[in-house]
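See structure below.
The values are calculated or read from the model by the stated rules, or taken from the named source; none is laboratory data. Being a predicted model, the structure only gives us computed values, none of them experimental. Please note: Cβ atoms are built from the backbone with ideal geometry, for glycine as well, and neighbour counts cover all protein chains shown. With ligands, DNA and RNA removed, areas are computed over all heavy atoms of the protein, side chains included. Shrake-Rupley method; radii C 1.70, N 1.55, O 1.52, S 1.80 Å.
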Amino acid sequence: MGSSPVVTSVFREPPRVLQNAQPSAPLALVLAFDVSVSGTLELVATGEGGPLVYRWAVEPGAQTLPVIGLKPERPYRFEVLLMDARGQRFVAEPQSVQTPALPLPSLDFPPLRVHRAERARMEPGLTLLSVRRRALGRSHRMTPEQRRFTTEWGLILALDEDGDIVWFYRSPSRIAGVAALDNGHLFFHTVRNSPTEIDWLGRTLRCWGAAHGPNPMPAGAIPVQAVTLHHQPDALPNGNFLSLNAVPRRIEGYYTSETDATAPRLAQWVMGDEVIEFNPQGEVVWRWNCFDHLDPFKIGYDTFWSYWWVRGFPQHLDWTHGNGVHHDPRDDSVLLSLRNLDAVLKIDRPSGEIRWILARDIGWSEALRAKLLKPVGEEFIWPSHQHNPRLTPDGHVVLFNNNVHQAIPFTGERVKSAAESLSRAVVYEIDETARTARMVFATPTDPKEGMVSFAMGDAHVLPRTGNVLVDFALCYPGLQIETFDANDLTRVYPDDLPSTPRVREYALDDPFHPVFDVEVVPLHDVLQMEVFGVARVAVPARVVGEIRS
């Protein structure tokens, strides 16, 4: 215990807890203060759930700090204390503040349904959800207003361990996955091909844009020599960023069907992915292009869907559909997910060599067959239109296996029905020496919950508990999907139906009873809700421990 705190003029102005002036993050509070010495600033917020403590190292001067994670529409008493370098403590007069209320449920703010939240068994921290909405129906048949409704809106929700929304960020454009940078800020891609960094007060700090894309870059964006910066970027230890950049190429004698190998061939525009590394100034310092390393005539299902048509590339085919890139710092390699090829690749970044491929042994060249991993164990689950692989704390690979199609074109394999295509999170142990893959965990399935996440989805193995956090991006409980072919207008396709995303956290010792289970509800079933990705992050500046006296 130190000396008794004293009120002192070290606070040039009385510290104040204020409402955030940024409308994009209205639940954040702001601690404003002006101190004459450096030291450790402590804020104690006391509400009905007991005290919460925040600490920052501060320098002399007037400044503001975000206060995140308090429950909405609740009274809190705030006490501010500063401890200087000599250990002397100074306190300011307490202040009482009512936190802002949540918006009412609407098409702009979806309601949540919390099924379970077992705090004692959960990984601590905030759960971030990247929420999207879309008008019902096929993308390429939307009206301009439906397209604006779908793309000119985005939401990041932060849930506490009770499943309560304690922070959110409104975006003017749709967001892909979200992650926290080492500096604590949030980082994501938007539908405008723009990697973006924001702080917890909702302020855009940096953003980049595809200099050669079909649409204008956001105002103030740093140009990157790319065509399409898409899906979720990844931060590197050197301060640079990895991103997917899909590029068009005209290919002669290309397929016109993914079901009939004998159909006439034509010259076609084909989108294929490259992985790029760019620095904070927007300079591209490394590229790895699928056209240079893979055979564009090895295709998968959904090559002919409208994904790129509605993103400024009419009638362009979707060969690879890269949907995840992640850096492995242990050996400076890159994990790359190619959805439409049902394949995850590991690439050596210095040399560009493919180290291994996690995919079925169908249609690969002889040189690439030597890179294929061999499955170990019974009931092995192959990736099938998977999403966003990541390295786990144990060095395994975790991914969200969308599990649709489960077939390769022109092989005679039957495309699986929706009832046979329940999505799962899967963790693989990779033995690079033996070139084997062994499945060490997979989430269970329950058909009545309709977890047919045709696209998107996310999975993380959490570092403290080893729990698995999973985002089932699209769920259709009680609804019947009849086809996965977007061009088949005679049968019900996933985008024709309202979806209810579900975010769950699984403890490995009892995966049939999640410790956390939350649904995002499509209001009145008039739209489709999506959760592109999730993350579990620490509450900024909050600490756990004894409160100083």
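Filtering region 179-198 to residues that are more than 19 Å from residue 228 (Cβ to Cβ) and outside any loop (DSSP other than H, G, I, E, B) leaves 179, 180, 186, 197, 198.
Restricting region 104-119 to residues that are within 17 Å of residue 156 (Cα to Cα) and not in a strand (DSSP E or B) leaves a set whose member that is most open to solvent (accessible area, probe 1.4 Å) is 104.
Let me confirm something: among 365, 384, 333, which residue is over 20 Å from residue 228 (Cβ atoms) and either open to solvent by 10 Å² or more (accessible area, probe 1.4 Å) or basic (Lys, Arg) (or both)? Spell out the reasoning first.
Numbers: 384 fails: either open to solvent by 10 Å² or more (accessible area, probe 1.4 Å) or basic (Lys, Arg) (or both); 333 fails: either open to solvent by 10 Å² or more (accessible area, probe 1.4 Å) or basic (Lys, Arg) (or both).
Testing whether each residue is over 20 Å from residue 228 (Cβ atoms) and either open to solvent by 10 Å² or more (accessible area, probe 1.4 Å) or basic (Lys, Arg) (or both) leaves just 365.
Inspect all residues belonging to region 515-529 and state whether any of them is open to solvent by 10 Å² or more (accessible area, probe 1.4 Å), over 29 Å from residue 106 (Cα atoms) and not aromatic (Phe, Trp, Tyr). No, every residue in region 515-529 fails to be open to solvent by 10 Å² or more (accessible area, probe 1.4 Å), over 29 Å from residue 106 (Cα atoms) and not aromatic (Phe, Trp, Tyr).
What residue, among those in region 34-70 that are assigned to a loop (DSSP other than H, G, I, E, B) and closer than 17 Å to residue 541 by Cβ, is most open to solvent (accessible area, probe 1.4 Å)? That would be 59. Output the residues belonging to region 1-21 that are at pLDDT 95 or above, surrounded by fewer than 17 Cβ atoms within 10 Å (Cβ to Cβ) and polar (S, T, N, Q). Within region 1-21, just 19 meets the criteria. On the stretch given as region 188-210, residues that are open to solvent by less than 40 Å² (accessible area, probe 1.4 Å) and over 26 Å from residue 67 (Cβ atoms) total 8.
Condition first: in contact (Cβ under 8 Å) with a residue 12 or more places away in the chain and either surrounded by fewer than 16 Cβ atoms within 10 Å (Cβ to Cβ) or under 23 Å from residue 258 (Cβ atoms) (or both). Now tell me which residues in region 499-512 satisfy that. Before you say what the answer is, go through the steps one by one.
Taking region 499-512 and keeping what is in contact (Cβ under 8 Å) with a residue 12 or more places away in the chain, we get 499-508, 511-512.
508, 512, listed by residue number.
Among the residues of region 139-175, the ones that are in a helix (DSSP H, G or I), in contact (Cβ under 8 Å) with a residue 40 or more places away in the chain and among the β-branched types (Val, Ile, Thr) come to 1 in all.
Here residue 135 meets the list (1) among the small types (Gly, Ala, Ser); (2) open to solvent by 70 Å² or more (accessible area, probe 1.4 Å); (3) in contact (Cβ under 8 Å) with a residue 60 or more places away in the chain almost entirely, failing just condition (2).
Only one of 415, 404, 398, 426 is surrounded by 22 or more Cβ atoms within 10 Å (Cβ to Cβ), in contact (Cβ under 8 Å) with a residue 24 or more places away in the chain and under 20 Å from residue 362 (Cα atoms); which? Answer to the selection: 404.
Before we move on, is residue 407 in contact with a helix residue (DSSP H, G or I) (Cβ under 7 Å, 6 or more places away or on another chain) and over 21 Å from residue 469 (Cα atoms)? Answer is no for this residue.
Among the residues of region 349-362, which ones are open to solvent by 20 Å² or more (accessible area, probe 1.4 Å) and under 20 Å from residue 243 (Cα atoms)? I'd like the intermediate steps shown before the answer.
First, pick out the residues of region 349-362 that are open to solvent by 20 Å² or more (accessible area, probe 1.4 Å): 349-351, 353, 355, 360-362.
Correct list: 349, 350, 351, 353, 355.
None of 404, 397, 427 is modelled with pLDDT of 95 or more, farther than 29 Å from residue 235 by Cβ and touching a Phe, Trp or Tyr at 6+ places or on another chain (Cβ under 6 Å) except 404. Filtered by the rule that a residue be closer than 30 Å to residue 515 by Cβ and without any contact (Cβ under 8 Å) to a residue 40 or more places away in the chain, region 184-197 gives a lone residue, 185.
Yes/no per residue for (1) in contact (Cβ under 8 Å) with a residue 60 or more places away in the chain; (2) within 28 Å of residue 354 (Cα to Cα); (3) in a strand (DSSP E or B):
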site: 200; (1), (2), (3): yes, no, no
site: 215; (1), (2), (3): yes, no, no
site: 220; (1), (2), (3): no, no, no
site: 232; (1), (2), (3): yes, yes, yes
site: 271; (1), (2), (3): no, yes, yes
site: 280; (1), (2), (3): yes, yes, no
site: 292; (1), (2), (3): no, yes, no
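Residue-wise test of (1) modelled with pLDDT of 95 or more; (2) in contact with a helix residue (DSSP H, G or I) (Cβ under 9 Å, 6 or more places away or on another chain); (3) under 30 Å from residue 508 (Cα atoms); (4) of a type in the set (Asp, Glu).
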{"site": "62", "(1), (2), (3), (4)": "yes, no, no, no"}
{"site": "65", "(1), (2), (3), (4)": "yes, no, no, no"}
{"site": "76", "(1), (2), (3), (4)": "yes, no, no, no"}
{"site": "87", "(1), (2), (3), (4)": "no, no, no, no"}
{"site": "94", "(1), (2), (3), (4)": "yes, no, no, no"}
{"site": "122", "(1), (2), (3), (4)": "yes, no, yes, no"}
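Scanning region 250-282 for residues that are of a type in the set (Val, Ile, Thr) and more than 13 Å from residue 303 (Cβ to Cβ) returns 262, 275, 276. Being at pLDDT 95 or above, closer than 19 Å to residue 367 by Cβ and of a type in the set (A, V, I, L, M, F, W, C) is the requirement here; does residue 242 meet it? It is false that residue 242 is at pLDDT 95 or above, closer than 19 Å to residue 367 by Cβ and of a type in the set (A, V, I, L, M, F, W, C).
Tell me the strands (runs of 3 or more DSSP E) entirely within region 370-415 that contain at least 1 residues that are farther than 20 Å from residue 331 by Cβ and basic (Lys, Arg).
On the way: elements: 374-376, 387-391, 397-401.
So the answer is 374-376.
Against the conditions (1) in a strand (DSSP E or B); (2) on the phi > 0 side of the Ramachandran plot, residue 325 satisfies every one except (2). Flag: residue 376 matches the condition of being in contact with a Ser or Thr (Cβ under 9 Å, 6 or more places away or on another chain), aliphatic (A, V, I, L, M), surrounded by fewer than 20 Cβ atoms within 10 Å (Cβ to Cβ) and closer than 23 Å to residue 356 by Cβ.
Where strands (runs of 3 or more DSSP E) sit wholly within region 429-498, those with at least 2 residues that are over 21 Å from the mean Cα position of the chain (by Cα) and surrounded by fewer than 22 Cβ atoms within 10 Å (Cβ to Cβ) occupy 436-442.
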